[in-house]
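Take a look at the structure set out below.
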Amino acid sequence: MYLRVSLQNHAMYMVGVDDNLLDQPVPISDILLTPGERVDILVKADQAPGTYTLQDLNSNTPLLTVEYSGTTVNDPIPTTINSDTARWVASLKQMDTSSLRQVSMTLSFVRGQGAINGGVFGRNTYILESPVGTYEVWTIFNRSGMDHPFHQHVDGAVILDIRGGDRDYAQLYTSINGLKDTINVPPMGSVTMLVPVLDYTGDTVFHCHILGHEDIGMMGIWRRV
Ligand SMILES: [Cu+2]
């Protein structure tokens, strides 16, 4: 389910993504949340007492109701957040990626099954072998007419480029200092990301986070050696 979340009458500030807190709050009016993605949102309760709904704008469905009570205080929205990970991500963005290993993965449907680089999980599974202690640049191509939220286990990635789909979403995730383990790859579009391969050897997986697509094979093995 694709949600576009907004809190009635309130400004929202994004302060965290899948894997880390950001270095500063980012003002947003609404946020697209695709299956598997997480966000941390800061809200200031500065409206008239009453009830306000957190709404999914895509389906016009209320998700929860916010009710005011107690005495009024006036805390400011912080301008910075002390985040070591965000500082590290900022330094990764300065990296010269041209000498790094480039990996490309294509998501598609093959005869009613989901595939990564033509491999259907469990039948002719696509296996990517990555040396631990390195950085890689992955480009995920979507060769289908549906969105695919691509999810990799273990290490989050720095989003470098998003082609196609929602422009605000692309702008947001290519500009913040966040590590993402789930990112939506738009229909016939692509996502390029810098992947630190830093923790743990062994086999893990990457897959589309729409469970119906994963179940029909859109999953591969990430062999960390
Ligand atoms: Cu999918």
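If only residues of region 112-144 that are within 16 Å of the ligand (Cβ to nearest atom) and either outside the structural domain of residue 160 (by TED's automatic domain parsing) or in a loop (DSSP other than H, G, I, E, B) (or both) are counted, the one that is surrounded by the fewest Cβ atoms within 10 Å (Cβ to Cβ) is 112. Note on region 168-213: residues that are crowded, with 19+ Cβ neighbours inside 10 Å and of a type in the set (Asp, Glu) amount to 1.
Here residue 147 fulfils each of the conditions (1) of a type in the set (Asp, Glu); (2) over 23 Å from residue 34 (Cβ atoms); (3) within 12 Å of the ligand (Cβ to nearest atom) apart from (2). For residue 204, the criteria (1) assigned to a strand (DSSP E or B); (2) without any contact (Cβ under 8 Å) to a residue 40 or more places away in the chain; (3) of a type in the set (Val, Ile, Thr) hold in every case but one, which is (2). Restricting region 57-94 to residues that are small (Gly, Ala, Ser) and assigned to a helix (DSSP H, G or I) leaves a set whose member that is farthest from residue 43 (Cα to Cα) is 91. The single condition from (1) in contact with a Ser or Thr (Cβ under 7 Å, 6 or more places away or on another chain); (2) more than 29 Å from residue 210 (Cβ to Cβ); (3) surrounded by 15 or more Cβ atoms within 10 Å (Cβ to Cβ) that residue 67 fails is (3). Going by the structure shown, is residue 108 among the small types (Gly, Ala, Ser), in contact with a Leu (Cβ under 6 Å, 6 or more places away or on another chain) and touching a residue at least 12 places away in the same chain (Cβ under 8 Å)? Answer is no for this residue.
Is it true that some residue in region 43-52 is in contact with an Asp or Glu (Cβ under 6 Å, 6 or more places away or on another chain), touching a residue at least 12 places away in the same chain (Cβ under 8 Å) and either under 25 Å from residue 156 (Cβ atoms) or among the aromatic types (Phe, Trp, Tyr) (or both)?
No.
Going by the conditions given, is residue 156 at pLDDT 95 or above and within 16 Å of the ligand (Cβ to nearest atom)? Considered against the rule, which asks whether it is at pLDDT 95 or above and within 16 Å of the ligand (Cβ to nearest atom), residue 156 comes out as no.
I'd like to know if region 63-73 contains one or more residues that are free of Cβ contacts under 8 Å to residues at least 12 places away in the same chain and within 29 Å of residue 170 (Cβ to Cβ). Yes, the conditions are met somewhere in region 63-73. The set of residues in region 34-60 being touching a strand residue (DSSP E or B) at 6+ places or on another chain (Cβ under 7 Å) and not hydrophobic (A, V, I, L, M, F, W, C) consists of 34, 35, 36, 37, 40, 51, 52, 53, 55, 56, 58.
Considering region 161-178, the residues that are closer than 19 Å to residue 102 by Cα and under 12 Å from the mean Cα position of the chain (by Cα) include one that is nearest to the ligand (Cβ to nearest atom), namely 162.
For residue 199, the criteria (1) of a type in the set (D, E, K, R); (2) modelled with pLDDT under 95; (3) within 16 Å of the ligand (Cβ to nearest atom) hold in every case but one, which is (3).
The values are calculated or read from the model by the stated rules, or taken from the named source; none is laboratory data. Computed from a predicted structure; not experimentally measured. Please note: Cβ atoms are built from the backbone with ideal geometry, for glycine as well, and neighbour counts cover all protein chains shown.
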